[in-house]
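Visitor: Sharing a structure here in structure tokens format.
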Amino acid sequence: MSTQTGSEPEIAKAREMLRALSSARQVYALYPDGHPKRREAAQELLSLVLELREAKGGGHPVLFVSEGNFYYGTTLLAWESLTLYRLAQAMGDAGVQSLEFLPNPTEADTDALVRLLTGDERGRDVLVAVAVNRAGPSSRPEELQRGIAELLRNYAVGLELLRETAARLLAGRPADMDATVRLTEHLADLIAADTAQALLLTTIKSYDEYTYHHMVNVCILSLAIARASGLSKDQAVVLGIGGLLHDVGKVRVPQEILQHDGALDEEQWRLIQRHPVDGAGLVLITSRNAFHPAVATVLEHHAAFDGSGYPRLSGHRAPSLASRIVAVADCFDAITSKRSYRKPEERRQALSLIQAGAGRSFDPRVVRTFVRLMGIFPVGSLVQISTGEVGVVVRNHDRLLARPTIRLVLDAHGNAAEPIEIDLAEQAADGSFRWTVTRSLDPVDVGIDMLPLLASGRLDSPPAAAPPGLVHEPAPSEEPPPGYVDAHHEVTADLPDLPVDRDAAPPMPD
């Protein structure tokens, strides 16, 4: 039995089988024993197990789950680790660390496996061709992959927390603020340990949950800005909570608007522009402390540095520093995400748009900090260098912002390259630079899915079809979409200052 990296067909089938296993768990949770829907799910899962064995050719396919992440052999299955959080949790609850698929599996095996993962321990006793915990990984993932895996696990926890938060709020129940604090504290620690690697993860753009992925990305970006600004961990965590929850008010926007394909009309934009006020209200009724500082961040993240945004703040005051930081992070992630009315901007252009809004929409100091943090070629950007090779920016130079370190992805002929790192600040014997960036590239145009690339170096193509995209306010200097209406003055008028309990969090500088 080998646990080494499988072929591309094997990995594709393993991913498909995991998604079918996740779906089967949901079916078994909905329907009683003996229901035809259960049998359909078990049969579909069996079919994919057989296809996986066929793709393997020889030996037994093995799937691992470790610290909330899925592996096929030593290959980290990044999208499944990110999106199948409940399946990973169920496997952990059942004590399942590995699944080895032996010859001649039957429907009874897949039925027993799903029952085991839905809490029925009797399933374990009747498994024949699925061995639980018999296999162990033959090698540990490399240090880079372990770091990404830890970030992925926490990213997945964030997505699940936001799903649960939306469900609770729609049902009239309070959100779990304690879980929000714990997650944000852990993300702050991970960002402090390796900011560049955390920034790489913000290149993730979901194909079916844009709003939740956007909220987690904004939290990570906000925490990174807070660290670059010299804020303490306690101050950063308060800021990060606001970043994670900044769009929570969109739970009150009808799904048909958030998932609308094409231009929105005036009334739809008016509903969307209410989300900061609605979100602040939801956090107010959720928090044990009615005046938690994160409430102001949720309320003010679209207010704009000069007060020209929404909602209008009393006394012509500027938004809080936390709100000004989240506003920059929010805009950057939105610009670089697909939206229903346009393609995403590449990361370098997004920085230019944010710089154009400095002094009006954004605090110039925060913008300067963000540009220094991200570099001229932001971390996570795809660039082509003078040799014709293509790489992803993984770190910025302390002084030479146009000369980051990149990890090669494609050679000059467009084929997969050995993932070595190249420091573009390296000089030749005559003092000239050995490599120079010639242009930035859009991953979609090159046909690269960034998450598998960053997680395990695999060059997967993005899905051929994707949902409409993120619904978001146009950025400064960006052409408004068709149907857009500036209803900022209609959202609310002169909201009073929110009292903040200084005991709820450390004071934030102005």
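Read-outs: derived from the displayed coordinates by stated rules, not from any lab. If you're wondering where the values come from, they're calculated on a predicted model, not measured in any experiment. We place every Cβ from the backbone using ideal geometry, glycine too, and count neighbours over all the protein chains shown.
Visitor: May I ask you to evaluate 6.51 cos²θ - 1.76 cosθ + 1.60, the Karplus curve with θ = phi - 60°, for each residue of region 412-417 and list the ³J(HN,Hα) values in order in whole Hz, giving x for glycine and proline?
Guide: 5, 9, x, 8, 4, 10
Visitor: Ok, one more. On C-alpha positions alone, give me the angle between the axis of helix 107-117 and the longest principal axis of the chain, in degrees, nearest 10.
Guide: 40 degrees
Visitor: Which whole-angstrom value gives the distance between the alpha carbon centres of region 224-273 and region 94-122?
Guide: Distance between centres, Cα-based: 40 Å.
Visitor: May I ask you to compute the full-extension gain from residue 133 to residue 372, defined as 0.36 nm times their residue separation minus their alpha-carbon distance, rounded to one decimal in nm?
Guide: Stretched fully, the residue 133-residue 372 segment lengthens by 81.3 nm.
Visitor: Suppose only helical runs count, i.e. DSSP H with n ≥ 4. What mean residue ellipticity at 222 nm does that imply for the chain under -39500 (n - 2.57) per run, divided by all residues and rounded to the nearest 500 deg cm²/dmol?
Guide: The helix contribution divided over the chain gives -14500 deg cm²/dmol.
Visitor: Using only Cα atoms, locate the centre of region 169-221 and the centre of region 16-83, then give the distance between them in Å, rounded to an integer.
Guide: Each part reduced to its Cα centre gives a spacing of 27 Å.
Visitor: OK, next. Mind ranking 249-259, 340-350, 218-228 by how tightly packed they are, going by the mean number of other C-beta atoms within 10 angstrom, highest first?
Guide: Per-residue mean Cβ counts within 10 Å order the peptides as 218-228, 340-350, 249-259.
Visitor: Further question on the same structure: Relative contact order (percent) for region 135-266, with alpha-carbon contacts under 8 angstrom and 6 or more residues of separation?
Guide: 24 percent
Visitor: Hey, another quick one. With charges only on Cβ, +1 for K and R and -1 for D and E, what is the dipole size of region 382-456 about its Cα centre, in debye, rounded to 20?
Guide: Charge dipole, region 382-456, about its Cα centre: 220 debye, nearest 20.
Visitor: Which one, 89, 381, 230, is farthest towards the positive end of the dipole of the chain when Lys and Arg carry +1 and Asp and Glu -1 on their Cβ?
Guide: The residue sitting farthest along the positive end of the dipole is 230.
Visitor: Roughly how big is region 183-261's charge dipole about its Cα centre, with Cβ charges of +1 (Lys, Arg) and -1 (Asp, Glu), in debye to the nearest 20?
Guide: So the dipole magnitude of region 183-261 works out to roughly 200 debye.
Visitor: Placing unit charges on C-beta atoms (Lys and Arg positive, Asp and Glu negative, everything else neutral), compute the dipole magnitude of the chain about its Cα centre in debye, rounded to 20.
Guide: Computed about the Cα centre, the dipole is about 440 debye.
Visitor: I need the phi-derived Karplus couplings for region 436-452: 6.51 cos²θ - 1.76 cosθ + 1.60, θ = phi - 60°, integer Hz, Gly and Pro marked x.
Guide: Rounded to whole hertz, the list is 9, 6, 9, 6, 8, 10, 8, x, 5, 5, 7, x, 10, 8, 5, 5, x.
Visitor: Subtracting the Cα-Cα distance from 0.36 nm times the residue separation, let me have the gained length for residue 415 to residue 125 in nm, one decimal.
Guide: Between residue 415 and residue 125, full extension yields 99.6 nm more.
Visitor: Going toward the positive end of the dipole of the chain, with +1 on Lys and Arg Cβ and -1 on Asp and Glu Cβ, which of 76, 213, 305 do you reach last?
Guide: Toward the positive end, the furthest listed residue is 305.
Visitor: Report the extension gain between residue 365 and residue 478 in nm, rounded to one decimal, defined as 0.36 nm multiplied by the number of residues separating them, less their alpha carbon distance.
Guide: Once the chain is fully extended between residue 365 and residue 478, it gains 38.5 nm.
Visitor: Calculate log10 I(q)/I(0) of the chain for q = 0.12 Å⁻¹, where I(q) comes from the Debye formula with a single equal point scatterer on each Cα and nothing for solvent.
Guide: Once normalised to I(0) and log-transformed, intensities are -1.14.
Visitor: Given points 7 Å out from each Cα along the Cα-Cβ axis, report the residue 401 to residue 40 separation in nanometres with one decimal.
Guide: Taking the simple label geometry, residue 401 and residue 40 are separated by 5.6 nm.
Visitor: For region 403-469 and region 279-354, what is the separation of their C-alpha centers, rounded to whole Å?
Guide: Answer, in whole Å: 31.
Visitor: Pairs of lysine in the chain with Cα under 25 Å and at least 8 positions apart or on different chains: total?
Guide: So the count of such lysine pairs works out to 8.
Visitor: On to the next question. Say each of residue 67 and residue 209 gets a label point 7 Å from the Cα, pointing the same way as Cα to Cβ; how far apart are those two points in nm?
Guide: 2.1 nm
Visitor: Give me the one-decimal nm value for the distance between modelled label points at residue 16 and residue 436, 7 Å along each residue's Cα-to-Cβ direction.
Guide: 4.7 nm
Visitor: Can you give me the angle between helix 364-374 and the longest principal axis of the chain, using Cα atoms only, in degrees from 0 to 90, rounded to the nearest 10?
Guide: Helix 364-374 sits roughly 30 degrees off the main axis of the chain.
Visitor: What percent do you get for the relative contact order of region 382-456 when only Cα pairs under 8 Å and 6+ apart count?
Guide: Once normalised by length, the contact order is 29 percent.
Visitor: Another one. Counting pairs of alpha carbon atoms under 8 Å apart in space and at least six apart in sequence, what relative contact order in percent does the chain give?
Guide: 13 percent
Visitor: In the chain, with Lys and Arg counted as +1 and Asp and Glu as -1 at Cβ, which of these residues, 440, 341, 21, has the Cα nearest the positive end of the dipole, that is, farthest along it?
Guide: Toward the positive end, the furthest listed residue is 440.
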